[in-house]
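The values are calculated or read from the model by the stated rules, or taken from the named source; none is laboratory data. A quick note: this is a predicted structure, and the numbers were derived from the prediction, not measured. For neighbour counting, all protein chains shown are included, and Cβ atoms are generated from backbone atoms with ideal geometry for every residue, glycine included.
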Amino acid sequence: MAELPFKTVKAMKTHLFKVVKRGLNRRTGVVRRTDRHQEAREKLDETLLAFRVARIAAGERTGWLREVRQVVGIPVKEVARRLGVCRWEVFRLEKSESESRIMLGTLRRAAEALDCDLVYALTPRQGTLEELAAEQRAAREKEREAALEMVRKEEKEREAKVLKVIGWRAEVRRMVRHGFRKLGVRVR
């Protein structure tokens, strides 16, 4: 008798459960595309948890540059020297950041001048990325159903026009179709 790679039936069931949960096809071992996206969403959700907490803690901040500069105690003159600009340019950068007009590269340079790292992330306003993806799938499915319903309605209208022009009734047309299908003729 061939030896099994699992010592117990429970170990085999646990392994198979993990394989199915990961979305692997047991026969081919291929990961389905949606499952790869799901894993990526789950990893991103874990990573973004810290950003969501930071966003809540930060509240309604208008600008980080001025606040960090003042809290750390770096004078405007020193920041200007580190950036290689004049003092009024530092004030302009702080103002443009508070008005959400600053470019990301400029913000990164200003953060480096303050001995800080710029951390950049997009977080869902509510919930997780998985929930956001589910909402998007539902919305796309709803749009698809609406489009199919519109096509069906247009087809019925076209059919009604044709029947009106040729003077046939829908029942007669259905009976003719049925008769053709019995004969093996392919009819829509």
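If you scan segment 100-127, which residues turn out to be within 14 Å of G63 (Cα to Cα) and modelled with pLDDT under 90? Scanning segment 100-127 gives S100, L118.
Which of the helices (runs of 4 or more DSSP H) found entirely inside segment 43-124 contain at least 1 residues meeting this: under 30 Å from E135 (Cβ atoms)? If you could, list the steps in order and put the result at the bottom.
Values: elements: 64-72, 76-83, 87-98, 104-113.
Counting at least 1 such residues, we get 104-113.
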